[in-house]
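For reference, the structure is listed below as structure tokens.
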Amino acid sequence: MMDVPNKLNLPSYKEQAPDVKARLDELKQQPVVIEVEKLVKEFPTEEGVRRILDQVSFNVHKREFMSIIGPSGCGKSTVIRMMACLEDITDGVILVDGSPVSEPGADRGMVFQKYTLFPWLTVMKNVMFGLEISGKSKFDAEREALQWLDIVGLEPYADLYPAQLSGGMQQRVAIARALANKPKVLLMDEPFGALDAQTRAKMQAYLLQIWEKIDITIIFITHDLDEAVYLSDRVLVLEANPGRVRELVEIPVSHPRSPDQFLSPEFLTTKIHLEELIHPSAEESQDEFEVVKMAATGVG
Ligand SMILES: Nc1ncnc2c1ncn2[C@@H]1O[C@H](COP(=O)(O)OP(=O)(O)O)[C@@H](O)[C@H]1O
Ligand SMILES: [Mg+2]
């Protein structure tokens, strides 16, 4: 283990203040909305079948904000795509409210890193899209779309086209569009990954505000550890090759969250722990370095 925490005299990430413990205990009493059981994903490759995810199991509770982190290629996007049924399940099961998922559905909204708005539709029409498909009248769809645009602070921009908006605003429209279908779960795959640091910070604050306002469970993939700690109740850490659950970490930071907490001892100690889980110290990954060195020698 790193000795940095000791030098800084930080508490263990497992120490929870009474308010944090009470909140997490209450959360774990809530019904399970998503149950992932022994999930396996294999892809065929030239060298044979490759197992990407191996027996991944975890539960997400109602109103929880869970982030998933892990080294690049460990299967984070694959897990979330399987939840949305955009990818077949090799083995295991994903239950939403107790029923196995078998096809994409309005109960699972998705927001991706890339902007996925329809460029030929106005902001308003983008948000109305799913509402009209679900059979709502134009009048009702418009009224509801406006409410969602209001929640993400974009009502004044309803008549603009996506290209006329900044990246952050486009992602807010994407969030409004996903939420308009009243999903049980919002699945977000690095939604702020393409934004600059300042916009990203604003989006994090927006997302927390929205999450506090409405009854929604969020699963959020990120590779930004600050973002994971700042937003989440719990963080699922995956390891790679094959993707397995390394640890499900409870975040010991009080609510409501605010940027002031970034430098608090409990925030720092959790971030250091997550960093250790994802990038084991040089000693542990020595083998990997050997390979790199040999490869480099080979090239030279
Ligand atoms: N359709 C596919 N066919 C073959 N391999 C895939 C496919 N989709 C993803 N993979 C592989 O699965 C692994 C996990 O991918 P992904 O879920 O995108 O990882 P992450 O999101 O954690 O970076 C990667 O090694 C990727 O190359
Ligand atoms: Mg990914």
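Just so it is clear, none of the values below were taken in a lab; they were calculated from the coordinates. Fair warning: this is a prediction, and the values are worked out from it, not measured in the lab. Cβ: placed from backbone, ideal geometry, glycine included. Neighbour counts: every protein chain shown.
A few comments on the model shown:
- Length available on full extension from Ala106 to Ala17: 0.36 nm per residue minus the Cα-Cα distance, which gives 28.3 nm.
- Euclidean distance between Cα centres, the range 136-166 to the range 213-276, Å: 31
- Convex hull of Cα atoms in the chain, direction-averaged projection (nm²): 18.9
- Length gained when the stretch Ala197-Thr45 is fully extended (0.36 nm per residue, less Cα-Cα span): 51.0 nm
- C-alpha long axis of helix 18-29 to longest principal axis of the chain, angle in °: 70
- Using alpha-carbon coordinates, inclination of helix 286-299 to the longest axis of the chain, degrees: 90
- Across the range 116-182, Cα pairs under 8 Å and at least six residues apart give a relative contact order of 49 percent.
- Remark: the range 212-227, residue by residue, has Karplus-estimated 3J(HN,Hα) of 6, 6, 10, 7, 9, 9, 10, 10, 10, 8, 8, 10, 9, 5, 4, 4 Hz, where x stands for each Gly or Pro and the curve is 6.51 cos²θ - 1.76 cosθ + 1.60 at θ = phi - 60°.
- Whole-angstrom Cα spans of the range 116-182 along principal axes, big to small: 30, 23, 18
- Shape of the range 215-277, Cα gyration tensor, a/c cut at 1.5: oblate
- FRET efficiency for the pair Thr116 and Asn9, taken as 1/(1 + (r/R0)^6) with r the Cβ-Cβ distance and R0 = 51 Å, rounds to 0.65.
- Dipole moment magnitude, nearest 20 debye, the range 140-265 about Cα centre, only Lys, Arg, Asp, Glu C-beta charged: 160
- By the rule of a C-alpha distance below 27 Å, with chain neighbours fewer than 8 residues away ignored, the lysines paired with Lys182 are Lys28, Lys62, Lys76, Lys114, Lys125, Lys136, Lys138, Lys202, Lys213.
- Here the Karplus relation 6.51 cos²θ - 1.76 cosθ + 1.60, evaluated at θ = phi - 60°, turns the backbone of the range 193-199 into coupling constants of x, 9, 9, 5, 4, 5, 5 Hz, with x for every Gly and Pro.
- Charge tally in the Cβ shell below 12 Å around Lys125, where Lys, Arg are +1 and Asp, Glu are -1, Lys125 excluded: -1
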